[in-house]
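Worksheet for the structure shown next.
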Amino acid sequence: MSEITERADARKAQRADNEKPKSLLHYLGIGISAGLFGLVLLVGALVIVIPNLAGATPLTVLTSSMEPGLPPGTLVVVKPIATNDIAMGDVITYQIESGKPGVITHRITGITNSSDGTRTFTLKGDNNDVADELAVLPIQVVGKLWYSVPWIGNVSNFVNGDGRSWLVPIIAVALFVYAGFMIMSGIVSGARKRKRTRARAEREAERAASIHAVTEVDAVDPVDNRVRLG
């Protein structure tokens, strides 16, 4: 019976250890890790995965010509579109010169249909007083604005520009610090668990010794019922 009681007590102690509330530092580390991981996944999806799957092009707004909707630093994702599907009010990106990398993202303010079926487009920045100087030909059109992400363009430019030389070491140091934090948390948690295990083992040993001592004291010698003659 005493063995059953000891086992039950041991199970209760184990459950108490498992259910012991974690420290605030533990939950803070988990929250920061989950938040950073989720943010990286979201940015990666918006900037890389989704554009690649859709055949779209991510670009960074560099000027204030489309403020307030698309301020400098905004990442715009431009999706290819048939020029016949372009409508008044659409925001499109076009090459300044056909076949060259320079592009502008402005809003359609005018569409001209020629007798031979070709279309040309007049564009203007939302923050500009006058329309762009030259009409845009269909061959210059890169695509239509699909979606935009504020500030991410600045991050992209920074990482790919002068900031690369010191940003990478900072990220590496931060990762090492985080790894050290997680290792130390594991060591501290393991030490506490071992301490609790030792304390529980000592309590169980003391309890077993007490039970054994009580059992010996309460033991009764067999009664000698033999009859002595003479």
Take GLY89 and decide whether it is small (Gly, Ala, Ser), in the same structural domain as TRP146 (by TED's automatic domain parsing) and assigned to a strand (DSSP E or B).
no
Condition set buried (at least 17 other Cβ atoms within 10 Å of the Cβ) and not hydrophobic (A, V, I, L, M, F, W, C), scope segment 128-153, selection farthest from LYS79 (Cα to Cα): answer is ASP132
Scanning segment 112-127 for residues that are of a type outside the set (Gly, Ala, Ser) and either surrounded by fewer than 16 Cβ atoms within 10 Å (Cβ to Cβ) or free of Cβ contacts under 8 Å to residues at least 24 places away in the same chain (or both) gives THR112, ASN113, ASP116, THR118, THR120, THR122, LYS124, ASP126, ASN127
If we keep only residues of segment 1-57 that are surrounded by 12 or more Cβ atoms within 10 Å (Cβ to Cβ) and not in a helix (DSSP H, G or I), then the residue modelled with the lowest pLDDT is SER23
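The values are calculated or read from the model by the stated rules, or taken from the named source; none is laboratory data. In this text, all values refer to a predicted model and were calculated from it rather than measured experimentally. Because the Cβ atoms are built from the backbone with ideal geometry, glycine has one as well, and the counts that use them run over all protein chains shown.
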